[in-house]
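To start, the structure itself, in structure tokens.
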Amino acid sequence: MTKDQSLIRPLTRRRALLAGAAAVGAAGATAGLFATITGEETIRPAAPAAGPQAHRALKPSAYRLQPMTGYGPRRAASRRTLVRREPLLRVSGRGRTMVLTFDDGPDARYTPYILDTLREYDVRAMFFVCGEMVADNGDLLARMADEGHVVGNHTWSHPLLTALSRSRIRAEMERTCDIIEGTYGERPLWFRAPYGAWNRATFQLGAELGMEPLAWTVDTLDWTTPGTRTIIDRVEDGAAPGVVVLSHDAGGDRSQSVRALRAYLPRLLDSGYFVTVPERKYT
């Protein structure tokens, strides 16, 4: 058994199939999801799909910005649309409150396992979804709605927004708002720019579409597949009241992210953290 595999309880074939088979679809499609290692079954990604995954070639590290945090009062509204100059983290709740966020999905290979873990521990999270992924996995958004998770807008095709015209930025955002509303049941209230690349236009257009920007304070860097233990350490070392954790449930092999969540989530809860979703409040 590898170091990563020893960190969580193994998923049985029955639990794994229940979580993922319906979303994966056609007969034989689930066969590539599992591998037997020393008698235990572990999550294994299927071959990369064409289409929605292609935009992942651009490395996020080159464009992610240090998130700005703010807890002060909202500025007085005017006739003009209020423009946020930075993403604000508005985490409220009792005691040691944290927020878990997952970007780039939904993905039938990994998102069901994340939802299973969150349901097991009765925890709500935020999913910043890409419209083109929703188009292929609308059932997962319906499940998120049923289980009380918050769905945010992460654009349609995950482009670098700072390189686009205002009209294209708006199209990426608005098209995603529409498909989220159609499958989740409500228009999104939160927006996160791909790669953490924000500019004036993204704040203006997001506000015009009724969305608040949300950044993060702990980046697991799970997209680099650093190892399950490393992801766990980054979350646990960064845990603190008001922290927003960034992880991913799509865009590559996210089996480490799935395993890490199963390990760190119960530990956070046992340590007294209240893992929830932020409330959008105005003064």
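Values quoted throughout were computed directly from the atomic coordinates according to the rules given, and no laboratory measurement underlies them. Remember, predicted model here, so these are calculated numbers, not experimental data. Counting neighbours? That spans all protein chains shown, and the Cβs are built from the backbone with ideal geometry, glycine included.
Taking 0.36 nm per intervening residue step and subtracting the Cα-Cα distance, what contour gain separates Arg267 from Asp146 on full extension?
So the extension gain works out to 41.0 nm.
With N residues in region 143-200, what two-decimal value do you get for its Cα radius of gyration over 2.2 N^0.38 Å?
Values: Rg = 12.0 Å, N = 58, 2.2 N^0.38 = 10.3 Å.
Cα-based Rg divided by the globular estimate yields 1.16.
Give me the net charge for the shell around Leu164: Cβ to Cβ below 15 angstrom, other residues only, Lys and Arg +1, Asp and Glu -1.
Working: positive: Arg166, Arg168, Arg170, Arg175, Arg200; negative: Glu172, Glu174.
Local net charge: +3.
What is the sum of charges, Lys and Arg at +1 and Asp and Glu at -1, for the other residues whose Cβ falls under 9 Å from the Cβ of Val218?
On the way: positive: Arg234; negative: Asp219, Asp237.
Residues close to Val218 contribute a combined charge of -1.
Add +1 for every Lys or Arg and -1 for every Asp or Glu among the other residues with Cβ under 15 Å from the Cβ of Glu181, and state the total.
Neighbour charge sum, excluding Glu181 itself: -1.
Between region 137-206 and region 208-283, how many Å separate their Cα centres?
What the calculation gives is 19 Å, centre to centre.
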